[in-house]
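This report refers to the structure that appears directly beneath it.
The values are calculated or read from the model by the stated rules, or taken from the named source; none is laboratory data. Not measured: the values here are computed from a predicted model. Every residue, glycine among them, receives a Cβ derived from its backbone with ideal geometry; neighbour counts consider all protein chains shown. The accessibility values were calculated without ligands, DNA or RNA, using every heavy atom of the protein model including side chains. Shrake-Rupley method; radii C 1.70, N 1.55, O 1.52, S 1.80 Å.
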Amino acid sequence: MSGTFIGMPKFQTAAKEALGNSQQRRNLQHATGTIRRKRAGVVDELNNWDELRQAGAAIKDNVLSHLDTYLVQLEESLTQAGATVHWAADAEEANRIVTSLVRATGAEEVVKVKSMATQEIGLNEALEVAGINAWETDLAELIVQLGHDKPSHILVPAIHRNRAEIREIFLREMGQVGTPPPTGLTSNPRELAEAARVHLREKFLRAKVAISGANFAIAETGTLVVVESEGNGRMCLTLPETLISVVGIEKVLPTLEDLEVFMQLLPRSSTGERMNPYTSTWTGITPGDGPQDVHVVLLDNGRTDALADQVGRQALRCIRCSACLNVCPVYQRVGGHAYGSVYPGPIGAILNPQLRGTTSDVDQSLPYASSLCGACGDVCPVNIEIPELLVHLRTRVVDEHRGGIPSGEQIAMKGAAWMFSDHRRWEKAQKGAELSGRALGKKDTIGRLPGPLSAWSDARDAPTPPAESFRSWWKREKGDPR
Amino acid sequence: MSTRDDMLTRIAAALEGADRIPPPQREYGATTPLPDIAATFVERVEDYRAVVERVNPEGITAAVAATLTRATRVVVPPGLPREWVAALDGAEVVADDGDLSPDELDHFDAVVTAAAVGIAVTGTIVLDHGPDQGRRALSLVPDVHVCVVRESQLVGDVPESIAPLRHAVDAGRPLTWISGPSATSDIELERVEGVHGPRTLHVLLVSTDHPLPPA
Ligand code: SF4
């Protein structure tokens, strides 16, 4: 139930299917293009953007390299502020903790703030098994939930849906779980948002328990931070009696002052605004204000594995802004579902195989879900070198399948960093691959290869190199690749 | 071994031999000084489609009343200067005693609060929920939020906002950062104001150092 969407095929297979969906592709192109332009505008306003990015990366590196110390400090501060701290090694343990906390309150439903961590662990499904209804309250998450769908973007999970589809979902589903939409609902976004407001207000006002994640957790003070737009977060964090927050262990920041960096980086990178409409901070329990029963679940679920990889650990700097998705030519064409995870796009391609390991088809294929054009690394507000990490993980996938014998591919990968550092070199190399793709004819996968590559090709069917590289396709279709 | 100890052990093992990186020096450059901090604040708050008005200290009462002509029930924090809502015509004004339930708060049209800090570059208002701002639910549930910000509370950009907020955080109080009214862009990236929080944000910026001439 955690991580991989059930029965997920490898990326290339899912991508092929997604490419056939032209409505989804149009929705995606429109949406990512809009955010990209907004982001560029507000980033250009700051003359110290690069210094801020470096500061963001440096703060995160400091946190990660002292993670044990900061977590213990966070636990102390939270406890002193009246919160109860729980530790969860994996999805199953986290779900068990949250479920028993909800049960202890006697509540049969919870309201939820949009949270990547709780999606990652499949909390809603676990609560459902326990007979507890979990209501998503972010508009996009509500659309996904009511549509019995999967999220396809970190920031705007229903980005693959257009207004007509959303109207249909509301008309069909809302009435079955609460206040129905007004008859005569049109597909005007204003009316759709109003229908969600009315539908969810009833739930906010009666909710006894809320579940959230946190964008940041400040070790020094025990303060949790949630960044949002709609006010559904404020409702959940303020009105219920019990608040349970599931927080990935990499979310720690040492001091309150660190917010001055991240509250500039995150909104501009994420929604392309100078500041998001609402940010809430809370420090344990405040008498007379908000939930008086406050729990924090610190979640590992593969993060310590990522931490152990010296190169890969920088993926834990990620603040889930989704800027890398919006600039990624592969993501824009195939959408979020093909990544088989709540973390799609370039960040998904480097994070999922690290959090979940590289045993499944989809996780082995994800490091290949990229044209290595480098746009993701350029926009990342915490300077994660995503292309380098992709190459690193490709090497790892290959290594794990060859059992110690130096392989042709491994040697090729060692050379890859040099090759990818110049796009002309890369294009030339891809041309070579295309040619070999043609030579291999119509077969979909490469079977057994001779020579040093055999150890690798025996372990898995590698997709044949495409007859046309992504880059040259892009050039032909769109002119300049960026 | 408990999960806690196990996780901490795993972290220590993962970091074995790794460089322990010190906290960075804050050298990301000073933000550009603003020639007119109040003007920038007004412009940036208006960018979010909030209403901003500049008033004299003596003009607050009339401005609040002019803003809330259609409100019938108004809730205020216990520490709000009562004269600010003294001129409301025909509206019932209730000071929060901490006992109003979410349902009861839902029956108010509007709330009037003060603020702790205003950030010019981002057009953000920060509430630290002191007595003149009240608990969080007050400025959340009613549909109209009138927020009185003093020019002396304005800072240039985000970095300067942390110091004046620290005492509240250290005292265990929550913070709410507000940049315009509640909004969503979840449907085809088209911005719609007003989802769950107040749909109308009305900011009164009170001059302190340079009283405005009477209108
Ligand atoms: S990897 Fe960087 S750009 Fe992508 S979501 Fe994370 S922080 Fe944002």
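Tabulated results
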{"quantity": "Per-region count, segment A:200-213, residues of a type in the set (A, V, I, L, M), out of contact with any Lys or Arg (no Cβ under 6 Å at 6 or more places or on another chain) and crowded, with 24+ Cβ neighbours inside 10 Å", "calculated": "3"}
{"quantity": "Tally, over segment A:383-398, of residues that are open to solvent by less than 10 Å² (accessible area, probe 1.4 Å) and without any contact (Cβ under 8 Å) to a residue 40 or more places away in the chain", "calculated": "0"}
{"quantity": "Residue in segment A:343-353 that is assigned to a loop (DSSP other than H, G, I, E, B) and either crowded, with 24+ Cβ neighbours inside 10 Å or within 10 Å of the ligand (Cβ to nearest atom) (or both) present", "calculated": "yes"}
{"quantity": "Helices (runs of 4 or more DSSP H) enclosed by segment B:1-70 - at least 2 residues per element that are at the interface with chain A (Cβ under 7 Å from one of its Cβ atoms)", "calculated": "B:3-14"}
{"quantity": "Selected residue (only one of A:Thr286, A:Thr223, A:Thr279 is more than 23 Å from A:Glu51 (Cβ to Cβ) and either within 16 Å of the ligand (Cβ to nearest atom) or buried (at least 24 other Cβ atoms within 10 Å of the Cβ) (or both))", "calculated": "A:Thr223"}
{"quantity": "Flag if A:Asp50 is part of a helix (DSSP H, G or I), within 11 Å of another protein chain (Cβ to nearest Cβ) and surrounded by fewer than 17 Cβ atoms within 10 Å (Cβ to Cβ)", "calculated": "yes"}
{"quantity": "Unique match (being at the interface with chain B (Cβ under 8 Å from one of its Cβ atoms), part of a helix (DSSP H, G or I) and among the aromatic types (Phe, Trp, Tyr)) among A:Phe204, A:Phe262", "calculated": "A:Phe204"}
{"quantity": "Candidate set: segment A:289-323, residues that are in a helix (DSSP H, G or I), open to solvent by 20 Å² or more (accessible area, probe 1.4 Å) and away from the ligand (no atom under 16 Å from the Cβ); chosen: the one farthest from the other protein chains (Cβ to nearest Cβ)", "calculated": "A:Asp305"}
{"quantity": "Any hit, segment A:362-382, residues being assigned to a loop (DSSP other than H, G, I, E, B), surrounded by fewer than 23 Cβ atoms within 10 Å (Cβ to Cβ) and within 13 Å of the ligand (Cβ to nearest atom)", "calculated": "yes"}
{"quantity": "Those residues of segment A:76-118 which are open to solvent by 60 Å² or more (accessible area, probe 1.4 Å), within 16 Å of A:Leu298 (Cα to Cα) and away from chain B (no Cβ under 13 Å), in sequence order", "calculated": "A:Ser100"}
{"quantity": "Pairs, first without any contact (Cβ under 8 Å) to a residue 60 or more places away in the chain in segment A:217-229, second assigned to a strand (DSSP E or B), C-beta under 7 Å, six or more apart", "calculated": "A:Val225/A:Phe216; A:Val225/A:Thr279; A:Val225/A:Thr281; A:Val227/A:Thr279; A:Ser229/A:Tyr278; A:Ser229/B:Ala183; A:Ser229/B:Thr184"}
